[in-house]
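Below is one structure, written out as structure tokens; the observations come after it.
The values are calculated or read from the model by the stated rules, or taken from the named source; none is laboratory data. This structure is a prediction, so every number in the text was calculated from the model and none was measured. Neighbour counts are summed over all protein chains in view; Cβ atoms, including those assigned to glycine, are modelled from backbone coordinates with ideal geometry.
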Amino acid sequence: MLPVFDIARPSTVAEAVALLDDDHVAYWGGTELLLAMKMGLLVPECLVDLKHLSELRDIRQDGNRLLIGAGATHDEIATSATVRTLAPLLADVESRVGNARVRAQGTIGGNLCFAEPRSDIATVLMALGGSVRLESVDSARSVPITDFVLGPYWTAREPGELLVAVEVPIPAADGIYLKFQVTERPTVGVAAVIVPSTEARRLAIGAVSEMPRTFEFDDWSQADPQALAGELEPVPDLTGSVEYKRHLTAVFIRRAIAAVEGGTA
């Protein structure tokens, strides 16, 4: 059962930000939030409903960045002509998140704020060099997603801040995202991309440890799959032991690099 709570429906982002604190929690799709509340992990006094704030669903080019409103759903991002043109890898990953219900209801902002360790979205956005825009009553700031996700279910967002948008530099890095899963969430996810501005090779590895990790190289020959897997600290669970997950990670790193090198990404 859900605990008793109030609900507030602000009509502007400024009104929403003014309401937020430890006991007033932003709410949109609720795919992770309501589950945590049912489990008693979160007991907010009030949910601040953001679903009426249309500006938080914008998807557009903003100079040299792709700007995605935090309230855009996974389906909206996956099917957006703008995203498919400017950041096709992100569109592809969004089309494979969770299940149909999660894609239709869950939002990119909620996914990142929840910081679930097996998030496809955080992993691919780290590979793409993405960042988040945070607003509070007194200030606004941009934080790289590599600095925003601090650990499992833990981010750099302060209680009075609202994640309003996700930014992806364009032209976006090109590459591939491969994952292996036997449940609704991946056991391992590997993004391998080439960064347009520097021609650097970047790997982002998620799901296997408590948070995604990124690695950068001048050339793919410098990326040793076995050594990289050995640097991770896999979380043993019903999907596999530490040894199994390290082996699986090395396999998927090797496959992702081969796909990018072979031009099949």
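Below is a table of values for the structure above.
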item	result
Which numbered condition LEU42 fails, given (1) under 15 Å from CYS113 (Cα atoms); (2) assigned by TED's automatic domain parsing to the domain that holds SER119	(2)
Among (1) surrounded by fewer than 19 Cβ atoms within 10 Å (Cβ to Cβ); (2) without any contact (Cβ under 8 Å) to a residue 60 or more places away in the chain, the one test that ARG201 misses	(1)
Residue count for the stretch 29-57, restricted to those that are of a type outside the set (A, V, I, L, M), assigned to a loop (DSSP other than H, G, I, E, B) and free of Cβ contacts under 8 Å to residues at least 60 places away in the same chain	5
Number of the condition not met by SER80 [criteria: (1) touching a residue at least 24 places away in the same chain (Cβ under 8 Å); (2) touching a helix residue (DSSP H, G or I) at 6+ places or on another chain (Cβ under 8 Å)]	(1)
Residue check for MET211: closer than 26 Å to LEU20 by Cβ, within 12 Å of the chain's Cα centre (by Cα), in contact (Cβ under 8 Å) with a residue 12 or more places away in the chain and assigned to a loop (DSSP other than H, G, I, E, B)	yes
Qualifying residue in the stretch 162-170 (condition: over 23 Å from ASP22 (Cα atoms) and of a type in the set (D, E, K, R))	yes
Test: LEU150 is within 15 Å of the chain's Cα centre (by Cα), within 26 Å of VAL208 (Cβ to Cβ) and buried (at least 18 other Cβ atoms within 10 Å of the Cβ)	no
Criterion violated by ARG60 - all others in (1) buried (at least 23 other Cβ atoms within 10 Å of the Cβ); (2) part of a strand (DSSP E or B); (3) not small (Gly, Ala, Ser) satisfied	(1)
Test result for ILE7, farther than 23 Å from SER139 by Cα and in a strand (DSSP E or B)	yes
Selection within the stretch 154-180 - within 16 Å of the chain's Cα centre (by Cα) and surrounded by fewer than 17 Cβ atoms within 10 Å (Cβ to Cβ)	TRP154, ALA156
Tally of residues being under 22 Å from VAL188 (Cα atoms) and buried (at least 20 other Cβ atoms within 10 Å of the Cβ) across the stretch 132-146	1
Filtered residue count, the stretch 1-20, keeping only those that are in contact (Cβ under 8 Å) with a residue 24 or more places away in the chain and surrounded by 13 or more Cβ atoms within 10 Å (Cβ to Cβ)	10
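Yes or no, residue by residue, for (1) under 23 Å from ILE59 (Cβ atoms); (2) of a type in the set (Ser, Thr, Tyr); (3) outside the structural domain of ILE77 (by TED's automatic domain parsing):
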| site | (1), (2), (3) |
| --- | --- |
| ALA122 | yes, no, no |
| MET126 | yes, no, no |
| SER139 | no, yes, no |
| PRO152 | no, no, no |
| GLU158 | no, no, no |
| VAL164 | yes, no, no |
